[in-house]
2 protein chains.
Amino acid sequence: MSLSQALSDCAIKIDKIMETLLPKPEGIEAPLAEAMRYSSLGVGKKIRPFMVIQSSNMFGVEEKAAFRVAAAVEFLHSYSLIHDDLPAMDNSDFRRGKESCHKKFNEETAILAGDALLTTAFEILSDPETIDDSSVRCKLVNALAKSAGHHGMVAGQMIDLLGEGKHLSLDEIIRMQKLKTGEIFAFCMFAGGVLGGASNLHLNALKKYAYGFGIAFQIVDDLLDLEGTVDTMGKPGGLDAEAGKATLVAKLGVEEARHKAVLLINESVDALKFWGEEADYLRALAQFVLERQR
Amino acid sequence: MSLSQALSDCAIKIDKIMETLLPKPEGIEAPLAEAMRYSSLGVGKKIRPFMVIQSSNMFGVEEKAAFRVAAAVEFLHSYSLIHDDLPAMDNSDFRRGKESCHKKFNEETAILAGDALLTTAFEILSDPETIDDSSVRCKLVNALAKSAGHHGMVAGQMIDLLGEGKHLSLDEIIRMQKLKTGEIFAFCMFAGGVLGGASNLHLNALKKYAYGFGIAFQIVDDLLDLEGTVDTMGKPGGLDAEAGKATLVAKLGVEEARHKAVLLINESVDALKFWGEEADYLRALAQFVLERQR
């Protein structure tokens with residue numbers, strides 16, 4: 001099966017699981033459930049869930065566990081996009097090819113829907129339905145909290161906002177991207193390994209794949225943002241450049257940034273040397289990052 | 001020791017633990033840590049942590065475990081206040097006797113600090129440092145996620161916002177208060193029981209105490225809001241009434257609401273019938289709710 005077929009099959013399947021894990025729009029509070037569903041179901045390429053599924057497959061993890069953890073990560077990702085788009089943050093009216101959450105609903109509903117999606121991620125990971133072994137569940141909760149919170153993604157977002165119009169050094173920008181994007185990808189790879197009882201050697205290799213992947217992914221995102229339109233990107237292009245965001249593309253220039261992405265992807269693929277064809281989709285996914293058009 | 005002495009001793013101690021669990025303001029992202037610290041350290045009466053400590057004491061829980069869980073709850077509470085005060089939500093410039101987080105810093109920092117505090121709560125609960133038994137840690141994570149997310153507090157906040165200027169029924173208002181305030185108090189009581197291996201009979205009694213307490217607490221809050229000033233309340237009085245918020249005081253009138261609070265507190269105290277003097281601080285805390293001036 002081709003990567004794009006595997007990605008779209010996974011997206012359909014993960015959407016079905018996510019649907020069962022979200023609240024139904026009932027009671028006076030129905031708009032909360034509606035906003036949670038609007039911003040997480042039927043949208044996005046579901047690359048993070050795909051990564052969880054692939055790393056889980058490498059260690060023979062039971063499908064149900066892998067898909068529930070994958071859903072938790074996608075809920076967390078959806079929360080981060082909702083809050084990122086808020087007027088006080090990136091102030092983006094479009095996301096994933098449609099109106100952003102606060103435009104479709106309103107700002108307060110978007111804040112609460114993001115809060116609830118974040119909380120739901122931890123609810124799922126800690127649920128015995130996900131995997132029987134509570135020590136594995138705790139490891140997942142703790143790792144996701146570290147990847148997503150003040151040690152990870154939120155710190156990256158803070159630097160991103162503070163870096164607007166400032167001159168961050170190359171190292172500072174790389175650290176920011178690693179925190180903002182890389183840590184959650186690292187969690188996705190780590191999750192499959194932890195679910196499958198992988199060794200520390202293997203867990204570190206999985207995370208190494210993710211960090212290179214994450215920065216390359218961000219470089220390509222910034223290149224697309226520079227060229228993009230709502231049509232190809234699902235959000236207006238040039239917004240980040242307009243905001244004077246610190247990006248590797250702005251720092252290195254288009255050609256050198258693209259070259260850097262290629263090097264990072266080579267390193268990512270190299271980190272998978274412990275595995276054979278069971279890691280082929282992950283190798284293909286890394287190449288796909290360089291070629292993606294949106 | 002009097003209740004007020006025990007409360008203030010507990011507040012000092014919990015602040016010290018919280019301080020060690022928060023990030024230091026370092027690196028470019030320092031404002032994130034500053035905002036997390038500003039909104040959680042040295043402020044508030046720390047009633048929720050006190051409840052965790054008291055319920056833990058009833059079951060002989062090790063002090064370190066109890067205080068770490070208590071700190072996690074207070075971080076979660078601080079997150080909810082930061083997001084509640086945002087311009088799109090209650091738009092409150094003051095909180096706990098000083099400027100609210102978004103006034104002191106800015107809106108984006110407040111959103112991120114709230115997100116990070118919420119995430120930190122789950123990080124602490126899932127950490128083996130808190131308690132060795134991973135099944136207990138998972139129960140705490142899962143219960144807090146249910147109390148705080150779309151089944152609980154966030155749903156209550158959604159109803160609160162949607163109810164402004166509308167005529168909610170008495171039952172709807174009580175459900176809203178239970179979700180918005182009661183569920184976290186219920187978690188606090190439940191946490192001590194779970195840490196100490198309490199029976200389901202006892203866990204239910206602990207939660208029953210909390211639900212009555214929570215609604216009575218909210219009634220008194222609304223009464224104080226009606227009368228209050230920045231001086232006594234730490235935030236401007238009358239804001240909720242001005243916003244046309246659905247409250248039990250608005251629904252029942254001052255006298256009947258006060259009577260309802262007394263009945264609820266009696267029920268709360270009654271739920272503690274399984275315990276002797278080890279629950280005396282909780283009994284005193286319930287009475288204190290009726291008498292509090294701020």
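Read-outs: derived from the displayed coordinates by stated rules, not from any lab. Small disclaimer: the values here were computed from a predicted structure and weren't measured. Neighbour counts run over all protein chains shown; Cβ positions are idealised from the backbone, glycine included.
Positive-end ranking of B:Gly276, B:Ala143, B:Ile82 along the dipole of chain B, with charges on Cβ about the Cα centre, is headed by B:Gly276. Taking B:Val52, B:Val69, B:Val254 in turn, the Gaussian network model of chain B (Cα-Cα springs below 10 Å) assigns the largest fluctuation to B:Val254.
Since only B:Phe190, B:Ala113, B:Ala261 are under comparison, the one whose Cα sits farthest along the positive direction of the charge dipole of region B:3-291, derived from C-beta charges on Lys, Arg, Asp and Glu, is B:Phe190. Can you give me the C-alpha center-to-center distance between region A:1-40 and region B:15-81, rounded to a whole angstrom? A separation of 34 Å, based on Cα centres. Adding -39500 (n - 2.57) for every DSSP H run of four residues or longer, then dividing by how many residues chain A holds, sets the calculated 222 nm ellipticity at -21500 deg cm²/dmol. Under 15 Å of direct C-alpha separation, and excluding same-chain neighbours fewer than eight residues apart, A:Lys207 reaches these aspartates and glutamates: A:Glu183, A:Glu267, A:Asp270.
For the peptide A:86-93, the mean number of other protein chain Cβ atoms found within 10 angstrom of a residue's Cβ is 3. Rg ratio for chain A: its Cα radius of gyration over 2.2 N^0.38 Å, N being its residue count, equals 0.95.
Taken residue by residue and averaged, Cβ atoms of other chains lying within 10 Å of the Cβ of A:167-179 number 1. Computed about its Cα centre, the charge dipole of the protein assembly as shown is approximately 620 debye, with only Lys, Arg, Asp and Glu carrying charge at their Cβ.
Among A:Leu201, A:Leu144, A:Leu263, the largest mean-square fluctuation in a Gaussian network model of chain A, built with springs joining Cα atoms closer than 10 Å, belongs to A:Leu201. Taking other C-beta atoms within 10 angstrom as a stand-in for reagent exposure, A:Cys101, A:Cys188 fall in the order A:Cys101, A:Cys188, fewest first.
Taking every lysine pair in region B:6-86 that is 8 or more places apart or spans two chains, those with Cα atoms closer than 19 Å amount to 9. Charge tally for B:Leu162 (other residues, Cβ to Cβ under 10 Å; Lys, Arg +1; Asp, Glu -1): -3.
Of A:His77, A:His202, A:His259, the sequence from fewest to most neighbouring Cβ atoms within 10 angstrom is A:His259, A:His202, A:His77. In summary, the helical segments of chain B meeting the span-like criteria, namely a full DSSP H run, a Cα extent along the axis of 20 angstrom or more and a mean Kyte-Doolittle hydropathy of at least 0.5, are B:107-125. Over all other residues within a Cβ to Cβ distance under 10 Å of B:Gly149, the charged ones net out to -2, with Lys and Arg as +1 and Asp and Glu as -1.
Rounded to the nearest 20, the size of the Cβ-charge dipole of chain A about its Cα centre is 460 debye, with Lys and Arg at +1 and Asp and Glu at -1. Mind grabbing the base-10 log of I(q)/I(0) for region A:136-226 at q = 0.23, 0.25 Å⁻¹? Debye formula, identical points on the C-alpha positions, no solvent, two decimal places. Ignoring solvent entirely, the Cα scatterers give -1.12, -1.23.
With the highest mean first, a sort of the peptides A:12-20, B:172-180 on other beta-carbon atoms found within 10 angstrom per residue produces B:172-180, A:12-20. Dimensions of the protein assembly as shown from C-alpha coordinates, computed as largest minus smallest value along each principal axis and given longest first, are 71, 45, 42 Å. As a proxy for reagent exposure, ranking B:His150, B:His167 by other Cβ atoms within 10 Å from fewest up yields B:His167, B:His150.
The spread of Cα positions in region A:1-91, taken along each principal axis and listed from longest to shortest, comes to 42, 31, 20 Å.
Peptide B:18-24 has a mean shielding of 1, counted as Cβ atoms of other protein chains within 10 Å of each residue's Cβ. Here's the list of aspartates and glutamates a cross-link from A:Lys98 could span, going by alpha-carbon distance under 13 Å and ignoring same-chain residues fewer than 8 apart: A:Asp85, A:Asp231.
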